[in-house]
Amino acid sequence: MAETETPPTLPQSGEPGTIAVDVGVPKGDVTYHPDQSGAPPKLRVSHLSVTYIDRKGNRTEAVRDVSFDVLDKPDSGEIVVFLGPSGCGKSTILKAVAGLLPPTEGEVLVDGKLVTDVGRDRGMVFQAYTSFGWLTVRENVEYGLKLQGVKKSERRKISDQILKSVGLADFADRYPKDLSGGMKQRVAIARTLVNNPRVVLMDEPFGALDPQTRWGMQSLLLEISRAENNTILFVTHDVSEAVYLGDTIYVLSQRPARILHQVDVPAFPVRDIALKSAPEFRAVEKQLLDLIYAPSKS
Ligand SMILES: Nc1ncnc2c1ncn2[C@@H]1O[C@H](COP(=O)(O)OP(=O)(O)OP(=O)(O)O)[C@@H](O)[C@H]1O
Ligand SMILES: [Mg+2]
């Protein structure tokens, strides 16, 4: 993940009022060894557990033994959705994949390589808007490229293209304060995608948007993922959003987050607003609601 994506407010161990992370036992060898005959999964999360510990020693177990693979599908984008109640540990899973939190147990591998830190192969769109207020929309989008030493003319070409695809071409020279919530979030999405990460981590990116803007953003995300063949891990607690966007949905438990169910969403021929009221869409929504509210499962 690019350095620019680190939120300025990320708690650091020992900072007043913030929480340190219990790192657990230092890890030795990578336990996943790719099969000689086949490519490793694009993303492997293996027995991931995260426990936070505050300065008084109080422990909060946020994630327990979460494992899943996302296979490399070069010709199609893949959206994996995590659906779970507030506070269950969704953001924690994403932060561990981003390399922002060391796992207490388990490991994360991208293309078979152990994640130990943030890296350019992963990009995260945070739950809160994280544009730089002192930079214009275009400067925000180009920031990561500039850090990589990409030439000005090339940066301009790339940012023109991405700003057009997120519908912000006319706002390139404006500052984030002049934008609506949905537009700010599009800047954050563009800033992340411009670095072309292998894995895009999106933490409830549309949570604060009104329904109409949210639908528009969901459609935009589907278009982008198809066009860019990205693997996207998408966190939400909205069942309809999960079915609309997801190829695979993992239903999480209450904290500590564990995977309770995997739901493979049928390949709907067209994903548009009309789909949301179609019987086949409603059927998957119902399946999820039944799983979520099944008393013995939570
Ligand atoms: N830095 C931290 N220090 C201590 N505890 C934390 C920290 N971050 C999260 N937690 C705790 O870990 C648990 C999981 O938090 P997390 O943010 O992952 O949940 P979430 O599923 O993303 O919630 P939401 O849907 O509200 O965003 C919560 O109980 C939270 O209080
Ligand atoms: Mg969260």
Handout entry: Lys, Arg +1 and Asp, Glu -1 on Cβ, resulting dipole of the chain about Cα centre, debye, nearest 20
Key = 560 debye
Exercise for the section: Please report the Cα spread of the chain along all three principal axes, rounded to whole Å, starting with the longest. Expected result: 50, 50, 47
Practice task
Go ahead and estimate [θ] at 222 nm for the chain from helices alone: -39,500 (n - 2.57) per DSSP H run with n ≥ 4, summed, over the residue count, rounded to 500.
Solution key: -9000 deg cm²/dmol
Fill in the blank from the handout: Burial-style ranking of 50-60, 116-126, 211-221, 269-279, average other-beta-carbon count within 10 Å with highest first, yields 116-126, 211-221, 50-60, 269-279
Practice task
Count the net charge of all other residues whose Cβ sits under 12 Å from the Cβ of residue 78, scoring Lys and Arg as +1 and Asp and Glu as -1.
Solution key: -2
Completion exercise
The ³J(HN,Hα) series, computed from each phi in the stretch 99-112 with the Karplus coefficients 6.51, -1.76 and 1.60 at θ = phi - 60°, rounded to the nearest Hz and given as x for glycine or proline, is x, 7, 10, x, x, 6, 9, x, 7, 10, 10, 10, 6, x
Handout entry: Cβ-based net charge around residue 157, under 13 Å, with every Lys or Arg adding one and every Asp or Glu removing one
Key = +3
Fill in the blank from the handout: Expected sort for 130-136, 42-48, 177-183 on mean C-beta neighbours within 10 Å, highest first, is 42-48, 130-136, 177-183
Practice task
Considering the options 135, 85, 110, tell which one lies farthest towards the positive end of the dipole of the chain, charges being +1 on Lys and Arg and -1 on Asp and Glu at the Cβ, about the Cα centre.
Solution key: 135
Exercise for the section: With the cut-off at 23 Å, report for the stretch 155-298 the share of all Cα pairs above it, as a whole percent. Expected result: 41 percent
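Read-outs: derived from the displayed coordinates by stated rules, not from any lab. Here the structure is a predicted model, which means the values were calculated and not measured. No Cβ is skipped: glycine too gets one built from the backbone with ideal geometry, and neighbour counts run over all protein chains shown.
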